[in-house]
Every structure is written in structure tokens, then in C-alpha cells.
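> Quick one: the structure is below, and I'll ask about it shortly.
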Amino acid sequence: MSKHQLEVGRPASGKRRLKDLLLQKDNRFCADCGAPDPKWASANIGVFICLKCCGVHRSLGTHISKVLSVTLDDWSGDEIDAMVEVGGNSSANAINEAFIPEGYAKPGPDASHDERAQFIRAKYELQEFLKPGLQIVSLQSGKSSLQSSSSRKIVDSFQSNSSHHSEGMVEFIGLLKVKVIKGTNLAIRDMMSSDPYVVLTLGQQTVRTTTIKSNLNPVWNEEQMLSVPHHYGPLKLQVFDHDTFSSDDIMGEAEVDLQPLIQSAMAFGDAGMFGSMQIGKWLKSHDNALVNDSTVNIVDGRVKQEMSLKLQNVESGGLDLELEWMPLDQ
Ligand SMILES: [Zn+2]
């Protein structure tokens with residue numbers, strides 16, 4: 001088995017590409033503690049780290065972090081591709097440290113082993129600092145349809161969807177921004193109230209809002225981003241009651257037909273060319289969740305659609321949303 005043979009024909013040698021990436025400014029410091037001149041990397045997470053942090057990464061197990069030496073280990077083409085795809089420490093931290101609580105002290109280069117270990121576990125194993133929408137859904141809810149997606153998968157699909165138009169066989173035609181505005185008169189699932197959160201599913205992608213404690217009329221005003229594949233189905237919404245000690249209870253669901261939004265947006269092309277106007281409509285009917293007809297409008301050059309939904313398969317509850325269509329290639 002000749003390794004050299006395999007490398008023939010690669011545009012730039014793997015070692016070279018890895019070295020170039022390491023020379024990138026943000027990669028001159030450990031992604032976790034900021035120590036200068038990191039010589040190690042986590043090949044699956046896509047970060048360069050120092051020797052001390054490397055020790056902690058190794059203790060997490062290779063299913064969480066696969067540690068390699070930049071200079072001593074043999075890297076496979078796939079491992080190098082994965083590092084290049086993540087784009088370096090800044091890009092990785094933009095996701096893995098997106099929501100570090102205010103006042104939280106990140107360990108410095110001289111931090112003790114315990115401080116370092118605590119932070120690295122929180123960051124990668126527990127994923128405490130991810131954007132709420134990227135967190136694991138299966139941990140909070142026992143629903144089988146959501147069980148299969150590990151959080152690392154969700155993060156990966158988010159990263160690649162946002163930087164490329166296509167990933168494997170799936171081609172994306174645009175991005176859907178979903179603002180979950182509020183819920184009204186939601187069902188009671190605990191003694192007196194509920195701790196609701198909303199799960200949004202489009203094709204293989206799943207994102208969720210934060211949980212709002214003891215509130216049947218929660219206001220989220222949270223924006224989530226989903227990639228829309230060429231053959232898209234409805235956007236599915238499920239409201240759950242967060243339960244600390246048992247699996248989460250469902251508090252209703254609804255489906256949104258995305259065709260009126262996307263088809264009218266595509267018919268008009270560059271929305272920036274038009275003034276504010278109505279360009280489409282999704283009509284209320286007996287077999288959809290709409291409370292009223294929902295219009296698609298160009299507002300300040302953006303294609304938006306507001307809607308009020310009546311939650312289905314539940315005794316009560318409604319959800320207000322705003323969708324925005326963001327086409328690719330324009
Ligand atoms: Zn470090």
C-alpha cells in the first residue's frame with residue numbers, strides 16, 4: 001500500500017494545505033485557551049489546539065474529538081478536507097462559542113488542568129455554547145423522529161449549507177429565515193402551566209427555539225435559518241413542553257406550505273427591484289392550520305410572509321410566525 005501513489009494527482013499536497021491553514025492568523029493561537037503556536041488539531045471538530053488542551057480533547061474520546069499532531073501524524077485526505085471546510089479556529093469558535101454566557105471566563109494559556117477540562121467539556125461534549133437552534137433536540141425530547149439526528153450532524157449540516165449551495169446529492173435553492181414570534185393560549189402540560197419550545201423541521205434539518213418557563217403565551221421573537229432543497233416539502237412545527245425529569249410532552253403541531261412564498265418570490269426574481277407590494281397569498285382552508293389568509297409581501301426589498309397558525313392535534317394554542325425567503329445566486 002503506497003501512500004505516495006495515493007497522493008499523486010492531488011492539486012496541492014495534503015501536508016501543504018494543512019500547513020497553509022495553520023499559517024492563517026486565527027490558527028496561530030489555540031482555539032480553546034489562546035496559547036500561541038498550536039501544534040495539534042482536532043480533525044473532526046476542525047480546530048488547532050495547544051498541547052495542554054490536546055490532552056483534554058484526548059480524554060473526551062475520539063467520538064467527540066479526534067486529535068492529531070500537525071507535524072508528526074499522517075493525515076488522510078478526508079481529514080484535511082474536513083479541516084479546510086471548517087475554515088479555521090475563528091469559524092469553528094463562531095459556532096462552538098456562539099453563546100458563551102456573559103461574564104463566563106474562558107481559560108487562558110496558563111489555566112489549570114481542571115479549568116481547562118471543565119471549559120473544553122462544556123464547549124464540545126455538552127455543547128453548552130452553541131446557538132440555541134443548533135442544540136441537540138433528542139436530549140430534551142424522547143420523540144423518535146428526532147432521535148436519529150446527533151447534534152454534531154446538525155452542526156455539520158448547518159456549516160456546509162451556509163457555505164455551499166449543495167451538499168452531496170442535495171441541492172439547495174435558497175434559505176428560509178423563520179422568525180418564531182409568539183405562542184398564544186398554549187395547552188397546559190404541567191400542573192398549572194407549560195415550559196414551551198418550538199421545533200422546526202424542513203427535510204432533514206431540525207432547529208429549535210429556546211425554552212420559555214411557565215408561560216402559555218410565550219414571546220420568542222427568535223430567528224432560525226433553514227436551507228431549502230430543490231424538492232422541498234412543508235415546514236413542520238411542533239411545540240413541546242420541556243420536562244426536566246421525563247420526556248417532553250407535545251403541545252400541538254402545524255405545517256406550513258412553502259409554495260406560495262417560494263413560487264411568488266421566484267416569479268418576481270430580484271425583490272430589490274420592486275417597491276413594497278403584495279405578490280402572493282396562502283389561503284386559509286379547512287385542511288390547513290391558517291387562522292386567516294396569509295399574504296406574501298415585498299417589504300424593503302425582502303420577500304416576507306406573516307402568518308397565524310392554529311396548532312393541530314391539541315386542545316388549544318396558536319403560533320405566530322414570519323417567514324423570509326432568501327434566494328441563492330442573486
Ligand atoms: Zn490550549
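> Treat each spin label as a single point 7 Å out from the Cα along the C-beta direction, and report the Asn313 to Ala105 distance in nm.
Modelled inter-label distance: 4.9 nm.
> Once phi is turned into ³J(HN,Hα) by the Karplus curve 6.51 cos²θ - 1.76 cosθ + 1.60 with θ = phi - 60°, what whole-Hz value does each residue of segment 102-117 show in order, with x for glycine and proline?
These are the phi-based 3J(HN,Hα) values: 4, x, 6, 8, 5, x, x, x, 9, 4, 5, 4, 5, 4, 4, 5 Hz.
> Which aspartates and glutamates, on any chain, are close to Lys52 with Cα under 16 Å apart, when same-chain ones fewer than 8 places away are left out?
Reachable aspartates and glutamates: Asp32, Asp37, Asp110, Asp114, Glu115.
> Loop-only check: which chymotrypsin sites (Phe, Trp or Tyr not before Pro) in segment 193-267 are DSSP coil with at most 15 other Cβ within 10 angstrom? All intermediate terms of the calculation are to be shown ahead of the outcome.
Numbers: sites: Tyr197, Trp220, Tyr232, Phe240, Phe245; in loops: Tyr232, Phe245.
Within segment 193-267, the qualifying chymotrypsin sites (Phe, Trp or Tyr not before Pro) (loop, at most 15 other Cβ atoms within 10 Å) are Phe245.
> Pairs Lys19/Lys106; Lys66/Lys106; Lys179/Lys284; Lys213/Lys284: which are spaced more than 25 Å apart, C-alpha to C-alpha?
Values: Lys19/Lys106 27 Å; Lys66/Lys106 22 Å; Lys179/Lys284 20 Å; Lys213/Lys284 31 Å.
Exceeds cut-off: Lys19/Lys106; Lys213/Lys284.
> Starting from the 7 Å offset along Cα-to-Cβ, what nm value, one decimal, do you get for the label separation of Asp26 and Asp78?
In this crude spin-label approximation the distance works out to 2.6 nm.
> Another question, if that's okay. Using label points projected 7 Å from each Cα along Cα→Cβ, tell me how many nm separate Met326 and Leu175, to one decimal.
In this crude spin-label approximation the distance works out to 0.2 nm.
Bear in mind that the values in this text are calculations on the coordinates, not laboratory data. Model, not experiment: these values are computed from the prediction. FYI the Cβ positions are ideal-geometry reconstructions off the backbone, even for glycines, and counts take in every protein chain you see.
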